[in-house]
Amino acid sequence: MGDGFQLLDILFFAMIAVFLVMRLRNVLGRRTGRERRRDQGAGEAGDDKVVALPDRSRPERAGDSAADEPAPEPTADPLQAGLARIRAAGGDFDPDQFLVGARAAFDLIVNAFAASDTATLRPLLSDEVFENFNSAIKTRAKAKYTLETTVVGLRSAEIIEAELQGRIALVTVKIVSEQVNVTRDADGAVVEGDPTAVAVVTDIWTFARNTRARDPNWTLVATRSPN
């Protein structure tokens, strides 16, 4: 009897074990809708490939995403940028005061050129510009011509270009003036111009100054006419 009951006990526990195993297999093998979507997503990224999670070692801030990055500032106006660089290099550059000086230099240079006054011109001009002016003066003298120039007035003077090349500041000014220009021969006859006509003349002059030099004066380094 004891052996019979022991055998029945073994069979009973074996049946329970089989039942539990079957229940576990049914539970572990069942798929839910969430698991199916996850498997499909992995298949789209590539079978048997591990898709890494985003790096969360550093919390994402509002400015980290491209959409939240501030738009770049518009490019600064070249003229204002040039003036700012010259001001930073020279320390005391004032565009308004510069134009006052440019007007005075214009009147002085134009009249000195007409009078063939090279002594006045020399310190105001660069070597290249002085050579050009001096060559024209010599050619005029050789022909025995005289130039009469009267600056009736300045209509405007404005800075149109500014840049800093190393330590050299370059400022270009557009000057519109009213002038009377007459060229006469040795006998006083008019060979060019009209003594009764006032002409509007536009000049574009570039002045330069070494920002590290103690000399505050600017030198005329280029002249041209508008295109």
Q: Please give the number of the condition residue 207 fails out of (1) touching a Phe, Trp or Tyr at 6+ places or on another chain (Cβ under 6 Å); (2) of a type outside the set (Ser, Thr, Tyr); (3) farther than 30 Å from residue 82 by Cα.
A: (3)
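Would you point out the residue of segment 203-227, among those that are of a type in the set (Gly, Ala, Ser) and not in a loop (DSSP other than H, G, I, E, B), that is farthest from the chain's Cα centre (by Cα)?
Restricting attention to segment 203-227, the residues satisfying the condition of being of a type in the set (Gly, Ala, Ser) are 208, 213, 222, 225.
Then drop every residue that is not not in a loop (DSSP other than H, G, I, E, B), which leaves 208, 222.
Values: 208: 21, 222: 24 Å.
That would be 222.
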(Q) I need the full set of residues from segment 188-227 which are more than 20 Å from residue 177 (Cα to Cα) and of a type in the set (Phe, Trp, Tyr), in order please. (A) 218
Q: Just one of (1) over 22 Å from residue 210 (Cβ atoms); (2) not in a helix (DSSP H, G or I) trips up residue 107, so point out which.
A: (2)
Q: For segment 78-99, state whether one or more residues are modelled with pLDDT of 95 or more, surrounded by fewer than 11 Cβ atoms within 10 Å (Cβ to Cβ) and within 30 Å of residue 183 (Cβ to Cβ).
A: no
Q: Within segment 84-104, track down each residue that is under 21 Å from the mean Cα position of the chain (by Cα) and in a helix (DSSP H, G or I).
A: 84, 85, 86, 87, 88, 89, 90, 95
Q.
Being under 13 Å from residue 173 (Cα atoms) and not small (Gly, Ala, Ser) is the filter here; which residues of segment 98-115 pass it?
A. 98, 99, 100, 103, 106
(Q) With the structure loaded, tell me whether residue 186 is among the small types (Gly, Ala, Ser), part of a loop (DSSP other than H, G, I, E, B) and under 26 Å from residue 139 (Cα atoms) or whether it fails that test. (A) yes
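Take residue 200 and decide whether it is surrounded by fewer than 11 Cβ atoms within 10 Å (Cβ to Cβ) and not in a loop (DSSP other than H, G, I, E, B). Can you show your working first?
Details: surrounded by fewer than 11 Cβ atoms within 10 Å (Cβ to Cβ): yes; not in a loop (DSSP other than H, G, I, E, B): yes.
Yes; evaluated as a whole, the condition is true for this residue.
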Q: Can you work out which of the residues in segment 161-186 that are of a type in the set (D, E, K, R) and closer than 20 Å to residue 115 by Cβ is nearest to the chain's Cα centre (by Cα)?
A: 178
Q. Mind checking which residues of segment 110-155 are assigned to a helix (DSSP H, G or I), farther than 12 Å from residue 220 by Cα and in contact with a helix residue (DSSP H, G or I) (Cβ under 9 Å, 6 or more places away or on another chain)?
A. 111, 112, 113, 118, 119, 120, 134, 136, 137
Q. Going by the conditions given, is residue 178 part of a strand (DSSP E or B) and of a type outside the set (Phe, Trp, Tyr)?
A. yes
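The values are calculated or read from the model by the stated rules, or taken from the named source; none is laboratory data. Keep in mind it's a predicted model, so treat the numbers as computed, not measured. Cβ sites come from the backbone with ideal geometry, for glycine too, and all protein chains shown count toward neighbours.
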